[in-house]
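A.B. asks: Structure in C-alpha cells, see below.
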Amino acid sequence: MIKSPRGTRDLLPPDTALWNFVEAAVRDVFRAYNFHEIRTPIFESTELFARGVGEETDIVSKEMYTWEDRARAQSEKTQSLTLRPENTAGVVRSYIEHQLGETGQLQKLFYIGPQFRRERPQKGRYRQFSQIGAEVIGPPSAGSESPLRDAEVLEMLATLLNELGITGWKLELNSVGSAADRARYNEVLRTALDAVVSSMCVDCQRRAATNPIRVLDCKVPADQPIIDTLPVIADSLNEASRAHFAQVLAALDAAAVPYTRNHRLVRGLDYYTRTTFEFTHGGLGAQNALLGGGRYDGLSEMLGGPRAPGIGFAMGEDRLVLTLLAQEAAAPQVLADAYIAPLGESLNAAALSLARELRSQGLRIELGDGSFRLKKSFEVADKTARRMIILGEDELQSGILTVKTFATGIQTKVPRTELAVFLTKPASE
RNA sequence: GCGGCUAUAGUUCAGUGGCAGAACGCCUGUCUGUGGCACAGGAUGUCGAGGGUUCGAUCCCCUCUAGCCGCCCCA
C-alpha cells in the first residue's frame, strides 16, 4: 500500500471542518486589524533562506528540502531551489521585489499555507505543516519601527487566541536588542561562562563554544541554578532598544494583555532583533509553542533591499488545531437540512428534481436512493441530516410531502410549495 | 540525526510457537411506506513490509517502514 510520506498526513472530515473554522476565525481577526493576504511561492531560491534565515541555523543547515533545478539550456547553470521552511523570508523578498516600500505605506500582510522542514516527526511537528503568519513591514517613515506596532501585533494575537476559544495560553517576551547589542551580550556571556561552564552539561559545554546564547535554552535541571546567575541580555541593551521595549510593555499593560518577561527567550532565527515573543500552551508536549515571532529590523537589508523594519509571527496551525481538539472543542458535525428518501427506484428521478429545487433555495440536501428500504433510509438519514423527506407515489401525486424531524420525532405533512420554508425552521421545533 | 516504546478487523484494543479474537461500527433478516430499541444471523484481516530460526512464526531474531515519547531544534 502506498502511504503518505513520513511526516505528512491527510486531513479528513470532520477535522477539515475544524481547520476551516480556525482559518475563518483568523481571517476575521486579520480583517479587523486591516491586514491583507499575501501568497508567495511554495518554493524559492535556496539563497533566500541561506541569507534570510541564517546559514548556521538548524533549519538551513539540516532541515531543508533542497534540489538542483534542471538547466533550461546547456550553457545555463542549474538553480538551487528549496521548499519554503518558513514564510517571513519569502514575504520580505516579495516586499523588496515589488518595491512595496516605495508606496510609503506600512504593509500589513498575512498568509496561511504549508511549510516544509525535514525533521523527525512527532506530535505537533510534521514535515509538511501549516503556518498562519503576519508581517508588518515598511519604511521607517511609515512608523514600522514604532513600539506600538509590536504591541498591536501582540494584542491582536491575544484576541485571536481568545476568539478561537483557546484557554490557558501564555505570552512570554523578551528583547534581544540590536545586532550590536547581541554581539556585545555574546561577549559578556562568553566571559561569564568561562568560569562556570566546566560544571555544566555536555550540551552546554558545546554551546558555550559555538553559540553561547543557546545555553539559556538548556533544560537540564542541574544547570538551572547556574544559568540563573548568568548575565541577562536586558543589561546589554543600548538606550534605544531599552526605551523601545519599555514602550511595548507599557502599551501591553494599557491594553491589559497579560505577559511574562523571559530573559532566556532567544529565538533561533538569525534575523530577529529587539522584541521576541512566544505564545505557549501546556498539553502540546515538548512542542509547547503555539506561535513565535519577533521584530526583524535588518532583514530587508540582509536580503539586499531597502531599510524596512518589521515585526511578524508564525503560528503553527497544526498545533492550534491539536490544542482545540485537546480542549474537546471539535467542530460539531454539520448535518444537512434534509435527506430525501425516494420510495422505490421509479422515484429516483423525481427525487433528484426535488433536491435540485431545494438546493437552489440555499438548502443543504442529501439525496438518498430508491433502492434503499425505508428502514435503511431512516438509519442513513439520521446520521447525515436533521430531517428526512419521504417521497413516495402518494406524495408525488398529492404534492404534499412527509417530513420527519429527527430531534423531535414529529412527522409532518408539508405542501411542496412550503417545503423550503419549513426546512429552514430550527430542527427543534 | 540520536535514544526509548509501539504496529493484529473500518475504529479502539485483547491474544497465542499449532484453526485469528472482543467491543463498537458495518451488512442481512424478523419488518414489501416508518429508523433509533430488541432478537437472530453474517462479513470482517497479507496479524505494517521483507528476510531468518523452526516440522510449523501473528508470536522468537535481524533489517526496513511508519506512529508516539524524549533529545536536538522549532510553529
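A.B. asks: Which residues, counting only those in the range A:112-155, are among the hydrophobic types (A, V, I, L, M, F, W, C) and surrounded by fewer than 18 Cβ atoms within 10 Å (Cβ to Cβ)?
C.D. replies: Within the range A:112-155, A:148 is the sole residue that qualifies.
A.B. asks: Go through the range A:145-256 and tell me which helices (runs of 4 or more DSSP H), entirely inside it, have 1 or more residues that are within 16 Å of RNA strand B (Cβ to nearest atom) and without any contact (Cβ under 8 Å) to a residue 12 or more places away in the chain. Steps first, answer last, please.
C.D. replies: On the way: elements: A:147-164, A:179-196, A:202-210, A:224-228, A:239-254.
It comes to A:202-210, A:224-228.
A.B. asks: Restricting attention to the range A:288-314, report how many residues are outside any strand (DSSP E or B) and over 16 Å from residue A:145 (Cα atoms).
C.D. replies: First, pick out the residues of the range A:288-314 that are outside any strand (DSSP E or B): A:288, A:296-309.
Filter once more, keeping what is over 16 Å from residue A:145 (Cα atoms): A:288, A:302-305.
Selection size over the range A:288-314: 5.
A.B. asks: Here's another thing I want to ask about it. Which pairs have Cβ atoms under 8 Å, sit 6 or more apart or on different chains, and link a residue in the range A:365-381 that is open to solvent by less than 50 Å² (accessible area, probe 1.4 Å) to one that is in a helix (DSSP H, G or I) and of a type in the set (Gly, Ala, Ser)?
C.D. replies: From residues that are open to solvent by less than 50 Å² (accessible area, probe 1.4 Å), the pairs are A:365/A:355; A:368/A:351; A:368/A:377; A:368/A:381; A:370/A:346; A:370/A:351.
A.B. asks: If residue A:245 passes every condition in (1) at pLDDT 90 or above; (2) farther than 14 Å from residue A:274 by Cβ; (3) crowded, with 18+ Cβ neighbours inside 10 Å but one, which one does it miss?
C.D. replies: (2)
A.B. asks: Report, by residue number, each residue of the range A:315-327 that is farther than 13 Å from residue A:135 by Cβ and in a strand (DSSP E or B). Steps first, answer last, please.
C.D. replies: Pass one, the range A:315-327, residues farther than 13 Å from residue A:135 by Cβ: A:316-327.
The one that is farther than 13 Å from residue A:135 by Cβ and in a strand (DSSP E or B): A:316.
A.B. asks: Could you count how many residues in the range A:1-31 are within 13 Å of RNA strand B (Cβ to nearest atom) and either touching a Cys at 6+ places or on another chain (Cβ under 6 Å) or of a type in the set (Gly, Ala, Ser) (or both)?
C.D. replies: Total meeting the criteria: 2.
A.B. asks: Being open to solvent by less than 30 Å² (accessible area, probe 1.4 Å) and among the hydroxyl-bearing types (Ser, Thr, Tyr) is the filter; apply it to the range A:248-281 and report the residue that is nearest to the chain's Cα centre (by Cα).
C.D. replies: Of everything passing the filter in the range A:248-281, A:280 is nearest to the chain's Cα centre (by Cα).
A.B. asks: Moving on to the next point. For the range A:304-331, give me the residue count where each residue is away from RNA strand B (no atom under 11 Å from the Cβ), at pLDDT 95 or above and either among the polar types (S, T, N, Q) or open to solvent by less than 30 Å² (accessible area, probe 1.4 Å) (or both).
C.D. replies: Residues meeting the conditions: 5.
A.B. asks: Turning to a different aspect of this structure: Residues in the range A:19-74 that are open to solvent by less than 60 Å² (accessible area, probe 1.4 Å), closer than 23 Å to residue A:290 by Cα, in a helix (DSSP H, G or I) and among the aliphatic types (A, V, I, L, M): how many?
C.D. replies: Adding up the residues that qualify gives 8.
A.B. asks: Another one. Can you tell me how many residues within the range A:387-400 are in contact (Cβ under 8 Å) with a residue 40 or more places away in the chain, under 14 Å from residue A:419 (Cβ atoms) and near RNA strand B (Cβ under 6 Å from one of its atoms)?
C.D. replies: Filtering the range A:387-400 down to residues in contact (Cβ under 8 Å) with a residue 40 or more places away in the chain leaves A:387-393, A:396.
Those left that are additionally under 14 Å from residue A:419 (Cβ atoms): A:387-391, A:396.
Next, from what is left, pick out any that are near RNA strand B (Cβ under 6 Å from one of its atoms): A:390.
Of the residues in that region, 1 qualify.
A.B. asks: Scan A:405, A:424, A:384 and give me the residue that is among the polar types (S, T, N, Q), within 18 Å of residue A:335 (Cα to Cα) and more than 12 Å from RNA strand B (Cβ to nearest atom).
C.D. replies: Working: A:405 fails: more than 12 Å from RNA strand B (Cβ to nearest atom); A:384 fails: more than 12 Å from RNA strand B (Cβ to nearest atom).
So the residue among A:405, A:424, A:384 that is among the polar types (S, T, N, Q), within 18 Å of residue A:335 (Cα to Cα) and more than 12 Å from RNA strand B (Cβ to nearest atom) is A:424.
The values are calculated or read from the model by the stated rules, or taken from the named source; none is laboratory data. It should be emphasised that the depicted structure is a prediction, and the values quoted were computed from it without experimental measurement. With ideal geometry, Cβ positions are generated from the backbone for all residues, glycine too; neighbour counts draw on all protein chains shown. Surface accessibility is based on the protein's heavy atoms, side chains included, excluding ligands, DNA and RNA. Shrake-Rupley method; radii C 1.70, N 1.55, O 1.52, S 1.80 Å.
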